[in-house]
Structure formats: structure tokens, C-alpha cells
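Written below as C-alpha cells is the structure these notes are about.
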Amino acid sequence: MRLSRYFLPVLKETPADAQIVSHQLMLRAGMIKQAAAGIYSWLPLGYRVLRNIERIVHEEQQRAGHIPMLMPTLQSADLWRESGRFDAYGPEMLRLRDRHERDMLYGPTNEELVTDIFRSHVSSYKTLPLTLYHIQWKFRDEIRPRFGVMRGREFLMKDGYNFDLTEEDARHAYNRHLVSYLRTYERMGLQTIPMRADSGPIGGDDTHEFVVLAETGESEVFYDSEVTDRRFGDRVIDYDSHDDCRAVFEEFTSHYARTGETHDEALFHERVPEARRRHARGIEVGQIFYFGTKYSEPMGATVQGPDGKPVPVHMGSHGIGISRLLGAIIEASHDERGIVWPAAVAPFQVGIVNAKQGDPASDAACEKLYATLARAGIEVLYDDRTERAGAKFATMDLIGLPWRVTVGPRGLADGVVELTNRRSGEREELAPSQLQGRLSE
Ligand code: 5CA
């Protein structure tokens with residue numbers, strides 16, 4: 001992409017109404033524009049990152065055997081009356097009426113809709129286990145939308161729903177989700193801690209939130225400092241194996257780690273030596289729930305078991321805050337000059353800065369590099385504007401691409417360009433012909 005033909009409306013000043021650094025940087029880097037309180041347009045750069053995060057989530061969901069689909073944003077109130085949540089959900093639910101005076105709502109979550117699909121099409125235990133998921137916009141009329149995409153009213157969520165014959169199978173689905181979430185977040189360069197939490201309006205008797213530690217986080221958390229040493233890494237897991245998934249679950253949840261609502265001070269003191277007790281803040285980037293037959297029973301989602309008798313299925317639901325993740329990643333990875341994207345989610349892998357636009361040798365070298373890298377499938381943003389080099393560097397630093405290539409007459413006279421790593425600041429000079437190989441490493 002040539003920057004002269006792209007749409008990257010960066011801001012010089014930090015917007016006064018943005019309180020936390022991720023919100024400030026997303027606005028300054030031209031990633032989002034507020035459309036209404038808690039509702040955002042995704043400008044081209046932000047949209048690229050959003051799509052990258054979605055892609056990772058899709059890959060990891062399908063690796064765990066979960067099946068993608070798509071349900072609508074608008075739902076009929078009827079199903080929510082069946083489950084009893086139409087009244088119970090409260091003012092966070094955006095209620096609408098269509099021209100025939102039918103009650104509708106903009107879905108804050110999809111347990112009812114997916115349970116209705118299940119009961120309409122599944123009658124035998126032989127279809128189980130089954131986990132369906134989608135990535136779709138949600139609406140929650142938050143009383144205080146704030147911090148940009150962190151607490152929006154409209155936000156993008158991956159929500160998945162497991163259907164199992166027995167409680168044991170459904171507990172396995174819970175553990176399997178925990179494992180796949182650890183992997184998903186690590187691929188995005190984030191360390192998350194699964195913490196015992198409160199189930200809120202989703203309900204159920206077991207739930208963990210995935211928390212990224214950050215001073216600006218909205219959740220209050222209490223944990224044993226040992227939990228921050230845990231890494232999932234590149235271990236290979238058989239997602240069908242109850243034992244494999246339970247082992248990871250036990251390893252990652254054996255230490256004390258809880259959110260404020262479920263924190264138990266006496267237990268904390270009993271379990272964790274004083275030097276390891278931590279009280280901090282965090283960002284909730286996902287949550288998993290086991291709720292058994294809470295929806296299947298009232299909504300009649302039953303299957304015929306092996307003995308021919310009908311039984312309500314055991315369920316859970318599992319959510320990842322896709323749009324919130326952009327904010328969380330930036331909170332975890334930035335410096336005073338701007339965003340530092342982990343390569344896996346970066347909007348482009350490399351930026352070319354033509355330090356002297358209009359100089360024939362520099363222009364020709366940039367064009368050639370741009371074409372070579374693009375042909376090799378490397379996502380590259382070429383700053384071909386007639387701006388000062390300093391301004392171009394500031395823009396590249398702000399938008400946080402992992403690599404920057406600087407091309408200028410002085411280097412070219414020696415046959416080299418400069419490659420800079422955004423995170424470490426390390427620079428190296430190399431021949432333009434070596435660049436593609438170096439970036440592909
Ligand atoms: N049905 C369940 C699981 S699919 C559910 O709705 N879970 S949830 O309420 O915990 O939401 C899942 C994730 O969505 C949260 O962990 C959080 O990361 C994200 N999320 C929730 N509310 C908002 C919001 N107002 N703005 C941005 N992200 C949000």
C-alpha cells in the first residue's frame with residue numbers, strides 16, 4: 001500500500017476526551033472514529049488489525065474442533081421470554097419494535113438463538129459433542145461507555161456454545177476452551193491469566209475470566225504472583241483428550257487468582273504466602289461459562305440419550321472480546337512514541353520510508369523494494385509522501401509496524417538501506433537485495 005493513496009488520518013494532538021493510552025493512540029493513529037457514544041467506525045488501519053485478530057481467533061477455534069457460523073444481530077424477543085431473560089437482562093439490553101409492533105432486541109449475547117437452532121435440528125445424542133461459534137457484533141447499552149473500544153456499546157465478540165450429553169463432557173468442553181484461549185491470546189503476544197469470576201447475567205456455576213494485567217484495567221484482581229510465570233508455549237494438545245485438557249486447566253488454575261467479586265480474603269491469606277500476594281488491575285479479554293441445563297431445560301433443548309430417554313443437553317458459552325483486544329494489546333505494548341504491534345496482529349509488517357522523496361535514486365530504490373516485498377507476500381506500507389523524513393518516522397513510530405526500512409541517498413551511495421526494529425530500536429544496514437530474506441526469517 002502506498003501511503004499517498006491510503007486513508008490514514010493521523011492526529012497531531014492527543015484528543016482531550018481520551019483518558020487511557022490505548023484510546024489516545026487508536027485515535028491518533030487514525031484507527032477508529034467515534035460515531036456515537038460507545039459506537040465506532042473502524043478506519044482502514046484499525047480494520048486491518050481487527051481482521052487479523054479475528055483470523056487468529058477463527059484458526060484457534062477450528063483447531064479445537066469448533067464450528068463457525070453466523071447468527072444475526074437483531075433477535076426476536078420471543079426466545080428471550082422463553083428463557084426468562086427478556087425481563088431479567090435489564091436496561092443494558094437495547095429493545096426495539098418493528099413496524100408490526102413486534103418486540104425485537106439487538107443481541108447482547110446469543111444463548112437463546114443458538115439453543116433454538118439446536119432444538120430445531122438435533123434430536124439424538126449421536127450429534128454430540130457439538131460446539132458452534134460465531135464472530136458477530138453485540139450491543140449492550142452500557143451506562144458508562146468509556147476508554148474507546150474497551151467498553152463500547154457496540155462491540156465485536158467471538159461467542160461459542162457447546163452442547164454435550166453429560167456434565168462430564170461439558171466440563172471437558174470448558175477445559176478445552178480454556179486451553180484454546182490460552183493459545184489464542186499468546187499468539188497475539190498477550191499474557192492472560194484465567195481467574196475465577198462472577199457469572200453475572202449469563203449464569204451458571206463455573207466461570208473464568210481471562211485477564212491481562214494493566215493499570216488501566218477496569219477489573220480489580222487478586223492473585224498469587226506465581227501465576228504470571230505461566231506460559232502455554234508451543235506444546236501440542238489433543239483437544240479431544242479429557243486428560244490433556246484437564247492437565248492444562250489444573251496447571252493454569254491451581255494457584256489463587258480471582259476477580260474482585262469472588263475474591264475471598266481469608267482464603268487468599270490461607271493459600272498464598274504474603275510475599276506472593278498481589279492486588280492489581282486487569283482487562284478482561286474473554287470469559288468462559290459452564291451453565292449446564294440453564295437454557296436447555298426451559299427451552300426444551302433435549303436429545304434422545306443412548307437408552308432412548310430424552311435428556312436436556314449440558315451447555316456452556318465462551319466469549320472473546322475481539323474489539324476490546326485491540327485496546328488491551330496496545331495497553332500491553334506501546335512506548336512514548338506510539339504503538340508497538342506484535343507481528344501477528346500488525347496492520348502491515350514493514351513500512352518503507354523514502355527519506356528523500358523526489359531524489360531519483362531514492363525513488364527508484366523504494367519502488368523496487370516495494371514491488372519485491374509485495375510480490376513476496378509481505379504486507380508493506382510505503383510512505384511515498386513528500387514530507388520531511390522526521391515526520392515520516394514519527395508516523396511510522398505512531399502506527400507501530402514491526403519493521404521500518406529507511407531509504408535515502410547517503411545509504412544508497414554505499415549500497416545499503418537501514419532496517420529498524422520498532423520494539424528494540426535496533427538498526428542494521430544491509431543491501432536492498434538482502435532485505436526480503438531478512439524479513440522472511
Ligand atoms: N455469552 C457469554 C460468552 S459467549 C458472554 O457474553 N460473555 S461476556 O459477557 O463475558 O462477554 C465476553 C467478552 O466480551 C468479555 O470477556 C469482554 O472481553 C467482551 N466485552 C463484554 N462487554 C464489552 C463491552 N461493553 N465492550 C467491549 N467488549 C466487551
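A few comments on the model shown:
- Of residues in the stretch 274-310 being within 23 Å of Gln191 (Cα to Cα) and either without any contact (Cβ under 8 Å) to a residue 60 or more places away in the chain or β-branched (Val, Ile, Thr) (or both), the one surrounded by the fewest Cβ atoms within 10 Å (Cβ to Cβ): Ala275
- Positions within the stretch 251-264 being out of contact with any strand residue (DSSP E or B) (no Cβ under 7 Å at 6 or more places or on another chain) and within 20 Å of Gly217 (Cβ to Cβ), in sequence order: Glu261
- Taking every residue in the stretch 50-73 that is in a strand (DSSP E or B) and pairing it with any residue that is modelled with pLDDT of 95 or more, at least 6 positions away or on another chain, the pairs with Cβ-Cβ distances below 6 Å are Ile67/Leu132.
Quick grid of which residues meet (1) within 15 Å of the ligand (Cβ to nearest atom); (2) touching a Ser or Thr at 6+ places or on another chain (Cβ under 7 Å):
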| residue | (1), (2) |
| --- | --- |
| Glu297 | no, no |
| Asp307 | no, no |
| Val311 | no, yes |
| Leu325 | yes, no |
| Val340 | no, yes |
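- Single condition Val211 does not satisfy, out of (1) in contact with a Pro (Cβ under 9 Å, 6 or more places away or on another chain); (2) more than 14 Å from the ligand (Cβ to nearest atom); (3) under 26 Å from Phe291 (Cβ atoms): (2)
- Test for His269: is it more than 16 Å from the ligand (Cβ to nearest atom) and within 18 Å of Val211 (Cα to Cα): no
- Residue count for the stretch 110-125 under the criterion of being over 16 Å from Gly203 (Cβ atoms) and acidic (Asp, Glu): the result is 1.
- Positions within the stretch 160-205 being within 13 Å of the ligand (Cβ to nearest atom) and charged (D, E, K, R), in sequence order: Asp198
- Every test in (1) touching a Cys at 6+ places or on another chain (Cβ under 8 Å); (2) more than 21 Å from Gly316 (Cα to Cα) is passed by Phe222 save one, and that test is (1).
- Condition met for Glu261 (in contact with a Lys or Arg (Cβ under 9 Å, 6 or more places away or on another chain), of a type in the set (Asp, Glu), in contact (Cβ under 8 Å) with a residue 60 or more places away in the chain and within 16 Å of the ligand (Cβ to nearest atom)): no
- Top-ranked residue of the stretch 319-337 - restricted to ones that are surrounded by fewer than 21 Cβ atoms within 10 Å (Cβ to Cβ) and of a type outside the set (D, E, K, R), ranked as farthest from Glu418 (Cα to Cα): Ala332
- Among (1) within 11 Å of the ligand (Cβ to nearest atom); (2) within 24 Å of Gln304 (Cα to Cα) - the single one Ser120 does not satisfy: (1)
- Which numbered condition Ser219 misses (of (1) farther than 26 Å from Asp169 by Cα; (2) without any contact (Cβ under 8 Å) to a residue 60 or more places away in the chain; (3) crowded, with 18+ Cβ neighbours inside 10 Å): (2)
- Failed item in (1) closer than 26 Å to Ala29 by Cβ; (2) among the β-branched types (Val, Ile, Thr); (3) in contact with a Phe, Trp or Tyr (Cβ under 8 Å, 6 or more places away or on another chain), with Ile193 passing the rest: (1)
- Within the stretch 144-165, being touching a strand residue (DSSP E or B) at 6+ places or on another chain (Cβ under 9 Å), under 13 Å from Gln34 (Cβ atoms) and assigned to a strand (DSSP E or B) holds for one residue alone: Glu154.
- Any hit, the stretch 286-300, residues being in the same structural domain as Thr184 (by TED's automatic domain parsing) and closer than 30 Å to Ile399 by Cβ: yes
- Residues of the stretch 72-104 satisfying the condition of being of a type outside the set (D, E, K, R), within 14 Å of the ligand (Cβ to nearest atom) and buried (at least 16 other Cβ atoms within 10 Å of the Cβ): Gln75, Trp80, Ser83, Tyr89, Met93, Leu94
- Residues in the stretch 193-246 that are part of a helix (DSSP H, G or I) and of a type in the set (D, E, K, R): Glu226, Asp229, Asp243, Asp244, Arg246.
- Residue within the stretch 247-254 that is within 26 Å of the chain's Cα centre (by Cα), surrounded by fewer than 22 Cβ atoms within 10 Å (Cβ to Cβ) and either outside the structural domain of Arg85 (by TED's automatic domain parsing) or in a strand (DSSP E or B) (or both) present: no
- Filter pass, Leu132 being within 16 Å of the ligand (Cβ to nearest atom), surrounded by 19 or more Cβ atoms within 10 Å (Cβ to Cβ), aliphatic (A, V, I, L, M) and outside any loop (DSSP other than H, G, I, E, B): no
The values are calculated or read from the model by the stated rules, or taken from the named source; none is laboratory data. Predicted model only: the values in this text are computed from it and were never measured. Reconstructed Cβ throughout: ideal geometry from the backbone, glycine too, with neighbour counts over all protein chains shown.
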